[in-house]
1. Throw me the Rg/Rh for the stretch 97-152, computed over C-alpha atoms with Kirkwood Rh, two decimals.
2. Leu256 to Ser23: FRET efficiency via 1/(1 + (r/R0)^6), r the Cβ-Cβ distance, R0 25 Å, to the nearest 0.05?
3. Based solely on its DSSP helices, what 222 nm [θ] is calculated for the chain when runs of n ≥ 4 H residues each add -39,500 (n - 2.57) and the sum is averaged over all residues, nearest 500 deg cm²/dmol?
4. Give me the net charge of Arg255's neighbourhood, meaning all other residues with Cβ under 15 Å from the Cβ of Arg255; Lys, Arg count +1, Asp, Glu -1.
5. May I have the count of lysine pairs in the chain with C-alpha atoms under 16 Å apart, counting pairs 8 or more residues apart or located on different chains?
6. Can you tell me which of Asn227, Asn240, Asn69 moves the most in a GNM of the chain? Springs connect C-alpha atoms under 10 Å apart.
7. Restricting attention to the alpha-carbon atoms of the stretch 87-241, what are Rg (one decimal) and Dmax (integer), both in Å?
8. Output the DSSP H helices from the chain with an along-axis C-alpha extent of no less than 24 Å and a mean Kyte-Doolittle hydropathy no less than -1.0.
Amino acid sequence: MSIPLLGLGTFRLKDQVVIDSVSQALALGYRAIDTAQIYGNEAEVGHAMAASGIPRDQLFLTSKIWTENLGADKLIPSLKDSLSKLRTDYLDLTLIHWPSPQGAVPVAEFMGALEEARAQGLTRQMGVSNFTIDLLRQAIAVVGKEAIATNQIELHPYLQNRTLVEFMHSQGIAVTSYMTLGYGKVLQDPVILEIAGQHNATPAQVTLAWAMQLGYAVIPSSTRRENLAGNLKARELKLNDEDMARIAALDSGLRLTNPESLAPAWD
C-alpha cells in the first residue's frame with residue numbers, strides 16, 4: 001500500500017486544539033495527517049506541520065475536496081487554496097470527500113478535474129471517500145482503477161462493509177477506515193474489552209490493530225498525548241486468528257455517518 005497504515009485524523013478539531021493535536025502527533029512519530037476543506041482547519045494543520053521542522057518529503061498529507069467545489073471550474077482553484085493554507089506545493093493524496101449530492105456534478109466531471117490536478121503536480125495520488133460500488137465503477141470508467149488510490153469509508157467492528165471492501169480488493173483499491181473506533185462505542189464492547197485484557201492492550205489499540213491487520217489504513221484522532229501515543233503502539237499489536245474471528249462476528253451494520261443531504265444509496 002502506498003498510503004501509510006496509521007495516520008492522524010483531524011475531523012472536528014479546530015483552532016489551537018488541532019494545532020496541539022498535530023504538533024504532539026508529529027513529535028510522537030506520526031507522519032501522516034488527514035484533513036479536509038470542510039473541516040475548516042487546513043491553515044492550522046499547515047501551521048503545525050511547518051512549525052514541526054519535519055521535512056515535507058517525510059510527511060504524508062491528505063485533504064478532501066468538498067462537494068461545493070466539485071465542478072470542473074472550481075476543483076483545481078479550491079485545491080490551490082487548500083495548498084496555500086497548508087503551506088505546501090502538493091498533497092500526497094487528494095480525495096473527493098462525498099459524491100455530488102443528487103448527482104448534480106457528474107462523476108466524469110469531477111474525476112476528470114482531479115486527474116488534471118494530479119497531472120499538474122498538485123497531488124501525488126488521488127482517491128475518493130464515501131463511494132459505493134456503483135460510484136466506484138463510474139470513477140473507474142473515467143480514470144482507471146489504477147488511478148484510484150483509496151476509498152475512505154466508515155468502517156469499524158459494527159460496520160464492516162464487506163461487500164464494498166470485497167469489490168475494492170478486486171479492483172486493487174485500498175481501504176481507508178474512518179471512524180474506526182465507532183465514536184467510542186466499540187471501546188465499550190465486551191468482546192473488545194476481553195481481547196484487550198488478554199493482550200495487555202487498550203480497546204483502541206485492539207480495534208486499530210484489527211483494522212490494520214486486515215490491510216486497512218486508519219486515521220484516528222485524539223487531543224490527548226497519551227491516546228495519541230497509545231494509538232501509535234497499535235502497529236505493534238498482533239491479534240491471533242481467534243481474536244480476528246471474534247471481532248469479525250461483531251458486525252451489525254450499524255452506520256453512524258449518514259447525512260441525509262450527502263449520503264448515496266449505500267451498498
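1. Values: Rg = 10.5 Å, Rh = 11.3 Å.
Value, to two decimals: 0.93.
2. Working: r = 28 Å, r/R0 = 1.13.
That gives a FRET efficiency of 0.30.
3. Values: 10 runs with 108 residues, N = 267.
Value at 222 nm, helices only: -12000 deg cm²/dmol.
4. On the way: positive: Arg162, Lys185; negative: Glu154, Asp251, Glu260, Asp267.
So the surrounding residues net to -2.
5. Count of close lysine pairs: 4.
6. Asn240
7. Computed over the Cα atoms of the stretch 87-241, radius of gyration and Dmax are 17.3, 51 Å.
8. Numbers: long enough: none.
Helices meeting the span and hydropathy rule in the chain: none at all.
The values are calculated or read from the model by the stated rules, or taken from the named source; none is laboratory data. Since this is a predicted model, take the numbers as computed values, not measurements. Using ideal geometry, Cβ is built from the backbone for each residue, glycine included, and neighbour counts are taken over all protein chains shown. Ligands, DNA and RNA are stripped out before the accessible areas are found, and what is left, the full protein with its side chains, is counted by its heavy atoms. Shrake-Rupley method; radii C 1.70, N 1.55, O 1.52, S 1.80 Å.
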